[in-house]
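Okay, structure first, notes after.
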Amino acid sequence: MPPTRRHLLQRLWHGFAMLPLAQLAPRPLAVARRDPDGGPALVRHHPPRARNVIFLYMDGGPSCQDLFDYKPRLAADDGKPFALPMEPTQFNDNGNTLGPRARFHRRGDSGQWISDLLPHLATQADRLCVVRSMVADFSEHTNANYFLHTGHGLQGRASLGAWVGYGLGSEAHDLPAFVVLNGGLIPPGGVDNFHSGFLPAHSQGSVFAMRGATIADITPHEAAAAQRAKAALTAALDDHTLLRDGGDPALAAAIHNHELAFRMQAAVPELLDLDGESPRLRRLYGLDDDYEPTRIYARQCLLARRLVERGVRFVELTCPDTGHDRWDQHGKIDAGLRDNCRMVDRPIAALLQDLAARGLLDETIVLFGGEFGRTPFAQGSLGRDHNPFGFTMWLAGGGFRAGTSFGETDEYGYKAVVDPVSVHDLHTTLLWQLGIDHERFTYRFGGRDLRLTDVYGRVLRELLT
Amino acid sequence: MPPRPRRRVSAVAVGLFAAGLAAQARPLPPLSDAAFAARREHWAWSPLAVVEPPGPATTHPVDAFVDARLAAAGLRRSPSATPSTLLRRLWFDVVGLPPPPEAVVRFTSDPSDAAYERELDALLASPQFGERWARHWLDLVRYAETLGHEYDFPVPNAWRYRDYVIRALNHDVPYDQFVREHIAGDLLPTPRRGADGDDESVQATAAWWFVEQTHSPVDAKKHEADRIDNQIDVLGKALLGLTIACARCHDHKFDAIRADDYYALYGFVRSSRYVQAPLQAVDPAGDGYRAALAAQRAVATAWLAAAPAAEWAPLRDDPAALAPASGVGPLRAEDELIASADGDRADWILTNDGFGDSPWHAPFCPDPEALAPRLLSLPGPFWLSAAAGSGRDGVLQTRTFPLTQRYLHVRVAGEHARVNVVVDGLHLVRDPIYGPLHAKVHCAEAHWLTFDCAPWRDRPAFLQCLDQRAQDLADADQATRPYPDAAWLAVQLVVLSAAAEPPPTTANAPLPAPGWSEPPPDVRTALTALAKATAALPVSPTIPSLGDGTGVDEHVFVRGDHRRPAAPAPRRFLRALDGDAPLPVMAGSGRLQLADRLLRPDNPLPPRVLVNRLWHHLFGRGLVRTVDNLGALGEPPSHPELLDWLAHDCVAHGWSIKHTLRLLLTSATYRQQSRRGDAGEVADADNVLLHRQNVRRLEAEAVRDALLAASGRLDATCFGPSIELPHSDQIEARGRPRASGPPDGDGRRSIYLAMRRNFMPPMLQAFDLPTPFATVGARSVSNVPAQALTLANDTFVHTMCERLGQRVLDEAGTADDRLTRCYLLLLGRPPDATERRLALAFVGDVAVATTDLGAGFADPRSWAALAHALVNSTEFSYRR
């Protein structure tokens, strides 16, 4: 009796499992255990506290002084010359001190300051771990985007999501480990923000578009029966040539890969079908909101939950277009903030509640923030320029301390002065929660063992439960 | 909330922190001389060993080396691959395309050694050879046609470099010449000329500009440091197999490379500039150019003779009045002269030929287009971009000087022209930050441009004056905008000053109109002669390239921090290969001397690196597996004697790439089968000893090109501007080209697809086209669902299969023949009996039952479905 396809594949896998898979991954991790699906290595340096990450990426750099970082002095000095020395800025068009654009209140039991621009998120204050002292290395969007995503300010390194996907793989057998839900605006620097860089290509972010075809080439050109018939022929021919010409791990892996692709093809329509979600939940997210960007972002947030449920490790959301050039309010700051906040406020609050209600928040890290903050002094009259010297990001779930704040900026919200947190520290801590020690998580490229965190980074234990 | 320690930091510390210099990075102790000497013992630095192949002289030298190692391990080489497998391997490896059915039939009916060598020689001589191997080289120089970053600005004419590499490989340009051109192609005393007279050598230097450039960096010097880091990294890895850029922040951790080696190289790059070089520069001292100048002057004379206006009479009577004083008074105490048209010629750097080689002396500049002289109230000598008539590119630059004063005043006149102040080598002079360093010139009267350089005080700078037709890096969108022929620029004086007001000038009354409505016959005759003389000068296309600037050394930056320059690092090559004496006095950048040092005959690295790369592309793995790093962190060679023998042999054969490839391809080692046998899997599981060939997935380009070739859609046109991508739903971002490209790339080979940094072709990326940011000598070979999804569902793939379905129907008469044809086209072999049975059952039966796959043997859709199933089989995208 001729061996079955499954037998054949198993024989190939087991027969060659001990060989270095040079054709597939030139330098597999020393600590790696190979995923039986031929996926990436599985890294566990210590027991993980979280399994997934949802990164709510606020492209352009939101002005934290108007949203989270309450500074009475900033309000008092509104319109006066700025009292501190100013660093060079992107536009060098610096004006006077610009007071907060909204009123702040203490929220929830924890008493965190959140402005009136984010009324729904404010109800979730007790779930947030707010870091008010982020610093970044770059004042330019693209460098800062690459830096926040890859730990390096230039093109070509691997994205945080790619590192996580490379290290942990996907728990879903029919979806990739790193998914980008593109609301409409790919950040400056392009898809390289989600790239695998030097890591094997399977770890790169799969971009799901919210308009048009969700994934490139996910839709078959023919009816399911026709595709099945073709696939059956391909499989039979593959089996035949493997038997006749001998096997090779590369060929076996390619066959496996075809099977994953076909599973994805079936899984994605099911993922996108939101009919099963309750009307209450739809309202909570804002799926039927009057404002189109809110509807799009609501769908992204809901899909993020569904992806995490299915075992996708890292989900990143880019922003829909509100017509204000992202969160990059160099001018007309009030209209920009109003519309951007309206876009994300309700969906994010719903996401946190939904994750918590399903017990997913404990093991899912939700990260909110942009590549830098904005200046406390005006650019022109009603804008703010880029400011990497002190800004706010927040985290929720995944073992981060809820209802707390960490770090401080100066009395204008300009520079971090207490407990500055670098992007590397943030990366280090995210990896730590996922069970990965950033110093031991390396990849050999171009003669160096490269890390996400370069030579920096410390675990921010103060943020962790 | 529990109490926690608070870490209050000073404002200064915040600045440092934000610049990525947190105290977490521990300084390394400097490398001692003893440690340096010990590292110098690493195998890669040692001279090429002089060895002879073991065994009888009749054995192919490559096989002799390989067999000896196999025998020592108790192994034997595998038998030769079957003729069809071998031919398919040969075609993909040499030209990146599948063998056409005729070649398969020809070779399988006569698989003799002689027939093999005929096939091989024909492939090495074909134009497709260069298209295949150029792509390997483009990976090394991170080839891309845009600058990346926020707007992904295009680099005008970058694609010409791709064509340069294809031509160089097809002509088998000696590799040492090829390397020399990359380092100093713009400086060679006798550049290599193509058949059409184009300067080939200068085109190689475009490779320096395939580097990401930040849009409006806040710190220009940091940007320069990052750019040059990347440029040195590529130089080191691509040409030397060394990670020199690891010595940016400290002495190299593992190799005999010190930080001052890195900064010595930095000086060469820093002393060079971006220019768009003409492929056929016209020699300003040559007859043609002289004739144009003379014709220009004849127009002036005729014009003066005929001009009735009384104000012109003095000029007619007194030739000296043609070149009166500049009208600029003596400079003030607060002024510093940087360059003057009647001053030191060495203060100016001219590229392209628009400005000629000497300043112009005439109060007007005739314009053949307008049929009337253009009045120039710019007395005194000045540089004129239209000296030999309109239509020539003009770029005039100054030497590099420090901005010791706040204001820079430049006296100019012109139309459709511009002036940039380039600070710290930042050629991308654009808003928002650098807008004040850019000025447009659109006034024919002499006037001053004043640049307020306050934010850049004491930074090194130079002035770049361009008329509109010349392209600079910052004005990349010029390429798509038509410019008027009337562009011209006159430049007279550059003054640095503490004063915001320019130096005083005597009033220049505009010269009156000539006083005729139609020029008189003599003037018209002279104008016609000028137009003819100008038209006789070729207007050359240009290419981004390096040009020499002022020679300046750099300092060692303490821990790589450009704000902390320490000891000077005079320009020289690597100490480990060339000692630590600075190169002797150099004019300009000194890159020509650098090329000589790098290519000195006792430097073993270039030939080792080269032959190892060639080996890698034929066997899937180099003799040194880490092809871009022969240093201590790289792997040692599996066959050191063979590596050195090949390196010697290549140099002895004039650094001929085709010679070495032919040598490797004729070896039995190359021709053996890839099938795994039990003995080898135990003793040589990783196939280090080469007891068999390796199975390899086809590169991205080969997968796509194979689909084009098999379907008959392939357009074999060579060279030319790149083909833009079609737009897709997944990728919308800043800088996306407005127009969507053709869905099938017009059938052109993949190497001709546009390589935009932020918009790389998704299909090629899915199959591991590398991101163009660093040298990639060995592409990763991944296995991702996107590959399978592409082959299963991509519209391009379906279109190709549909064409193929029609093609086999048209080209063969019976079902059997059609099936054979389909197999030959896609897999380079006929089907065996089992495959025939499965495939015919599918076409005639299964496809019919599954209604939308076609109606059977006479329906092209059924054959397209079969083709598609074969394209999705692993055999299609792998070469064995």
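Figures for the structure shown
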{"quantity": "Selection status of residue A:419, in contact with a helix residue (DSSP H, G or I) (Cβ under 9 Å, 6 or more places away or on another chain) and at positive phi", "calculated": "yes"}
{"quantity": "Checking residue A:330 against (1) touching a Gly at 6+ places or on another chain (Cβ under 7 Å); (2) at pLDDT 95 or above, the condition it does not meet", "calculated": "(2)"}
{"quantity": "Near pairs, Cβ below 6 angstrom, 6+ apart or cross-chain, from region A:219-231 (within 7 Å of another protein chain (Cβ to nearest Cβ) and over 12 Å from residue B:872 (Cβ atoms)) to any residue that is surrounded by fewer than 18 Cβ atoms within 10 Å (Cβ to Cβ) and charged (D, E, K, R)", "calculated": "A:222/B:852; A:223/B:852; A:226/B:852"}
{"quantity": "Selection count where residues are in contact with a helix residue (DSSP H, G or I) (Cβ under 8 Å, 6 or more places away or on another chain), aliphatic (A, V, I, L, M) and outside any helix (DSSP H, G or I), scope region B:202-247", "calculated": "2"}
{"quantity": "Residues within region A:331-347 that are among the aliphatic types (A, V, I, L, M) and buried (at least 24 other Cβ atoms within 10 Å of the Cβ), tallied", "calculated": "2"}
{"quantity": "Conditions (1) touching a strand residue (DSSP E or B) at 6+ places or on another chain (Cβ under 6 Å); (2) at the interface with chain A (Cβ under 8 Å from one of its Cβ atoms); (3) surrounded by fewer than 20 Cβ atoms within 10 Å (Cβ to Cβ); number of the one not met by residue B:781", "calculated": "(3)"}
{"quantity": "Top-ranked residue of region A:439-458 - restricted to ones that are farther than 21 Å from residue A:420 by Cβ and touching a strand residue (DSSP E or B) at 6+ places or on another chain (Cβ under 7 Å), ranked as farthest from the other protein chains (Cβ to nearest Cβ)", "calculated": "A:441"}
{"quantity": "From B:160, B:135, residue being touching a strand residue (DSSP E or B) at 6+ places or on another chain (Cβ under 6 Å) and outside any loop (DSSP other than H, G, I, E, B)", "calculated": "B:160"}
{"quantity": "Matching residues in region B:248-299 - criterion: being outside any helix (DSSP H, G or I), out of contact with any Leu (no Cβ under 6 Å at 6 or more places or on another chain) and small (Gly, Ala, Ser)", "calculated": "B:256, B:271, B:277, B:281, B:285, B:286"}
{"quantity": "Qualifying residue in region B:664-672 (condition: within 14 Å of another protein chain (Cβ to nearest Cβ), more than 17 Å from residue B:51 (Cα to Cα), buried (at least 21 other Cβ atoms within 10 Å of the Cβ) and modelled with pLDDT of 95 or more)", "calculated": "yes"}
{"quantity": "Options A:49, A:107, A:132: the member that is surrounded by fewer than 24 Cβ atoms within 10 Å (Cβ to Cβ), modelled with pLDDT of 95 or more, farther than 27 Å from residue A:203 by Cα and not aliphatic (A, V, I, L, M)", "calculated": "A:107"}
{"quantity": "Search result, residues across region B:733-769 that are over 25 Å from residue A:218 (Cβ atoms), surrounded by 24 or more Cβ atoms within 10 Å (Cβ to Cβ) and within 12 Å of chain A (Cβ to nearest Cβ)", "calculated": "B:757"}
{"quantity": "Failed item, numbered, when residue A:214 is tested on (1) at pLDDT 90 or above; (2) farther than 19 Å from residue B:878 by Cα", "calculated": "(1)"}
{"quantity": "Condition broken by residue B:800, with the remaining ones in (1) touching a residue at least 40 places away in the same chain (Cβ under 8 Å); (2) more than 14 Å from every other protein chain (Cβ to nearest Cβ) satisfied", "calculated": "(2)"}
{"quantity": "Pick from region A:189-218, criterion part of a helix (DSSP H, G or I) and of a type in the set (A, V, I, L, M), ranking: farthest from the other protein chains (Cβ to nearest Cβ)", "calculated": "A:191"}
{"quantity": "Number of positions in region B:780-795 that are touching an Asp or Glu at 6+ places or on another chain (Cβ under 7 Å) and at pLDDT below 90", "calculated": "3"}
{"quantity": "Total residues in region A:243-282, condition at the interface with chain B (Cβ under 9 Å from one of its Cβ atoms) and of a type in the set (A, V, I, L, M, F, W, C)", "calculated": "10"}
{"quantity": "Wholly enclosed helices (runs of 4 or more DSSP H) of region B:641-732 bearing at least 1 residues closer than 24 Å to residue B:98 by Cα and out of contact with any Leu (no Cβ under 8 Å at 6 or more places or on another chain)", "calculated": "B:657-665, B:668-671, B:700-711"}
{"quantity": "In region B:686-704, residue surrounded by the fewest Cβ atoms within 10 Å (Cβ to Cβ) [restricted to those that are within 9 Å of another protein chain (Cβ to nearest Cβ) and under 27 Å from residue B:751 (Cα atoms)]", "calculated": "B:694"}
{"quantity": "Residue list for region B:732-774, filter: acidic (Asp, Glu) and modelled with pLDDT of 90 or more", "calculated": "B:744, B:746"}
{"quantity": "Failed item, numbered, when residue B:149 is tested on (1) outside any loop (DSSP other than H, G, I, E, B); (2) touching a His at 6+ places or on another chain (Cβ under 6 Å)", "calculated": "(1)"}
{"quantity": "Any hit, region A:384-393, residues being touching a His at 6+ places or on another chain (Cβ under 7 Å), at negative phi, crowded, with 21+ Cβ neighbours inside 10 Å and within 11 Å of chain B (Cβ to nearest Cβ)", "calculated": "yes"}
{"quantity": "Every residue from region B:784-797 that is touching a Ser or Thr at 6+ places or on another chain (Cβ under 8 Å) and more than 7 Å from every other protein chain (Cβ to nearest Cβ)", "calculated": "B:786, B:791, B:797"}
{"quantity": "Looking only at region B:453-501, and only at residues there that are under 25 Å from residue B:151 (Cβ atoms), among the small types (Gly, Ala, Ser) and buried (at least 17 other Cβ atoms within 10 Å of the Cβ), the one that is modelled with the lowest pLDDT", "calculated": "B:476"}
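The values are calculated or read from the model by the stated rules, or taken from the named source; none is laboratory data. Everything numeric in this text was worked out from a predicted model, so none of it was measured. All Cβ positions, even for glycine, are placed from backbone atoms using ideal geometry, and neighbour counts span all protein chains on display.
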